[in-house]
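The structure appears below as structure tokens.
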Amino acid sequence: MLRYVLLGILICGVVAAESPNMLTEKEQKEGYRRIFDGKTLDGWKGDAKLWSVVDEAIVGSTEGNKIPHNSFLISEEKFSDFILRLDVKVRNHNSGVQFRSEELPNRVVRGYQADAAEGAWWGSLYGEKTGRGVIAAGYEGKGEKVVKPGDWNSYEIICKGNQITLTLNGFVTADLADDMSSEGVIALQLHSGPAMQVSFRNIRIRTLE
């Protein structure tokens, strides 16, 4: 009996020690790499008052720091054709994941965004500061069916040439050809307005030839 108890404790310890920022064996073989190390914001740039690492997740918060415009944590690298995978949890308000985007002054970006918001927009492709608004609606009848409000949600963003595909929790919400941009940064959004919080983890990417 004692042996089984000790075995159970050992198994629980191993599970508890597992990081949420890990590549699967399949992802390793396919050439994915992590662009968030789970401990620091190395490789990213943004307002240190707004972004931190908590429990191996990037956490953006505007509590006590009202922002005059949307602010972003921006990758130091640029990417063209890729498969990007990450987990997102929105406590409240509005956020999103920029890709193939242009960095502007004052921690602002312009370009494609995989949208994520409280009670809306999940799965949609939006054009941040492009004047285009929603490029592909992916929430009604799509993202709303699979999103887990207030919990972790898995996003996959595929860019290959002019083809863009967004998948939320395993469900394709947008799939289209668009020529607005072929390369740019990845960035994580904090939206102006009500005090909000959003978290990101397990950010990994595979570049495509």
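Below, the figures for the structure above:
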item: Residue count for region 22-36, restricted to those that are in contact with a strand residue (DSSP E or B) (Cβ under 9 Å, 6 or more places away or on another chain) and at pLDDT 95 or above; result: 9
item: In region 192-208, the residues that are open to solvent by less than 50 Å² (accessible area, probe 1.4 Å) and either among the β-branched types (Val, Ile, Thr) or in contact with a strand residue (DSSP E or B) (Cβ under 6 Å, 6 or more places away or on another chain) (or both); result: Val198, Ser199, Phe200, Asn202, Ile203, Arg204, Ile205, Leu208
item: Set Asn70, Asn94, Asn65: member being touching an Asp or Glu at 6+ places or on another chain (Cβ under 9 Å) and either free of Cβ contacts under 8 Å to residues at least 40 places away in the same chain or under 13 Å from Arg201 (Cβ atoms) (or both); result: Asn65
item: Selection count where residues are in a loop (DSSP other than H, G, I, E, B) and under 18 Å from the mean Cα position of the chain (by Cα), scope region 112-135; result: 6
item: Which numbered condition Lys66 fails, given (1) part of a strand (DSSP E or B); (2) charged (D, E, K, R); (3) farther than 25 Å from Leu23 by Cα; result: (1)
item: Residues of region 137-177 that turn out to be surrounded by fewer than 20 Cβ atoms within 10 Å (Cβ to Cβ) and either touching a Pro at 6+ places or on another chain (Cβ under 8 Å) or aliphatic (A, V, I, L, M) (or both), as a count; result: 6
item: From the options Ser154, Ser124, residue that is among the polar types (S, T, N, Q), under 30 Å from Glu25 (Cβ atoms), in contact (Cβ under 8 Å) with a residue 12 or more places away in the chain and touching a strand residue (DSSP E or B) at 6+ places or on another chain (Cβ under 6 Å); result: Ser154
item: Single unsatisfied condition, Asp47 versus (1) open to solvent by 70 Å² or more (accessible area, probe 1.4 Å); (2) part of a loop (DSSP other than H, G, I, E, B); result: (1)
item: Residue match in region 98-117 (condition: without any contact (Cβ under 8 Å) to a residue 12 or more places away in the chain, open to solvent by 40 Å² or more (accessible area, probe 1.4 Å), within 21 Å of Ser71 (Cβ to Cβ) and of a type outside the set (Gly, Ala, Ser)); result: yes
item: Identity of the residue in region 136-161, under 15 Å from the mean Cα position of the chain (by Cα) and of a type in the set (Ser, Thr, Tyr), that ends up nearest to Gly96 (Cα to Cα); result: Tyr155
item: Single residue of region 178-191 satisfying the filter (more than 28 Å from Asn92 (Cα to Cα) and open to solvent by less than 60 Å² (accessible area, probe 1.4 Å)) that is farthest from the chain's Cα centre (by Cα); result: Asp178
item: Filtered residues of region 122-167 (kept if over 12 Å from Val88 (Cβ atoms) and β-branched (Val, Ile, Thr)); result: Thr130, Val134, Ile135, Val146, Ile158, Ile164, Thr165, Thr167
item: Filtered residues of region 176-209 (kept if among the charged types (D, E, K, R) and more than 14 Å from Ile35 (Cβ to Cβ)); result: Asp178, Asp179, Glu183, Glu209
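The values are calculated or read from the model by the stated rules, or taken from the named source; none is laboratory data. The structure presented is a predicted model; accordingly, all values stated were derived computationally and were not measured. A quick note on method: Cβ atoms are made from the backbone with ideal geometry, for glycine too, and the neighbour counts reach across all protein chains shown. Ligands, DNA and RNA are stripped out before the accessible areas are found, and what is left, the full protein with its side chains, is counted by its heavy atoms. Shrake-Rupley method; radii C 1.70, N 1.55, O 1.52, S 1.80 Å.
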